[in-house]
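Student: Please see the structure below; I have some questions.
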Amino acid sequence: VNTTEKARPEISEEPELVPASRVDRKKTFLLLEENAGITYRYAPCCKPIPGDDVLGYVDENEIVIVHRRECPTAAKLKSNFGNNLVSAKWAAHKMLTFNEVLEVRGIDKKGVLIQILHVISEQYGVNISKINVETNAGIFVGQFYIYVHDKHEIETLAKNINKIKEVNSTHRVMS
């Protein structure tokens, strides 16, 4: 038995994350489309999309986690980790799409669903991933899972669906 051999230090399996640069918390962090997933990520709790009023939380790896300002998690971060918050602003986003839900309510009448689909697919060219429509006592409630580029696109779509005579309300479902 050789007792002069020194114990080897443990070698970490995962490389240490080193941020490309430190986030300047005094400046507004610009959310560039090409940096999504690299310098910033979308918070899974509130799922912000371009156009939403947002702020950023800078994590230990200098990655900015983007939250909607009205998100309950963002409120907790403000009170507990104020030094890690940064103002954030969207740059133009037209390459990425976000799966959002539009809820539509109205009077159940023959042809209404076709009219709604015409506005979504034909007038705006928005892709639909899923539809759920239920009726009860002559009133329908539908959830349309759609892919949009930003908040403006979903708001314009909602406004135009509301122009359909039988539709009473249309709004984005917030997580």
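The values are calculated or read from the model by the stated rules, or taken from the named source; none is laboratory data. This is a predicted model, so every value here is computed, not measured. We place every Cβ from the backbone using ideal geometry, glycine too, and count neighbours over all the protein chains shown. Side chains included, ligands, DNA and RNA excluded: accessible areas come from the protein's heavy atoms. Shrake-Rupley method; radii C 1.70, N 1.55, O 1.52, S 1.80 Å.
Student: Nearest 5 is fine: what % of DSSP beta bridges in the range 11-128 come out antiparallel, could you say?
Tutor: 55 percent
Student: Next question. Given a 1.4 angstrom probe, what's the average accessible area per residue across the range 34-124, in square angstrom?
Tutor: 54 Å²
Student: Where nothing but the Cβ of Lys and Arg (+1) and of Asp and Glu (-1) is charged, how large is the charge dipole of the chain around its Cα centre, in debye to the nearest 20? Write down the numbers at each step before the final one.
Tutor: Values: 23 positive and 23 negative charges, 143 e Å.
So the dipole magnitude of the chain works out to roughly 680 debye.
Student: Shifting gears a bit: Can you find, among Thr97, His118, Gly82, the residue sitting farthest towards the positive end of the charge dipole of the range 76-135, where Lys and Arg contribute +1 and Asp and Glu -1 at Cβ?
Tutor: Going by the charge dipole, the pick is Gly82.
Student: Tally Lys and Arg at +1 and Asp and Glu at -1 over the other residues with C-beta under 12 Å from the C-beta of Ala74: what net charge comes out?
Tutor: Details: positive: Arg68, Arg69, Lys76, Lys78; negative: Asp52, Asp53, Glu70.
So the surrounding residues net to +1.
Student: Computing the accessible area with a 1.4 Å probe over protein heavy atoms, can you report the carbon and sulfur percentage for the range 69-149? Mind dumping the intermediate values first?
Tutor: Values: 2560 of 4960 Å².
Roughly 52 percent of what the probe reaches on the range 69-149 is carbon or sulfur.
Student: Compute the helix-to-body angle for 151-161: its Cα long axis versus the longest principal axis of the chain, expressed 0 to 90° and rounded to tens.
Tutor: The answer is roughly 20 degrees.
Student: Right, something else. Taking the chain as a Gaussian network, where each spring joins two C-alpha atoms under 10 Å apart, which residue of Phe98, Phe29, Phe81 fluctuates the most?
Tutor: Between Phe98, Phe29, Phe81, it is Phe81 that shows the largest mean-square fluctuation.
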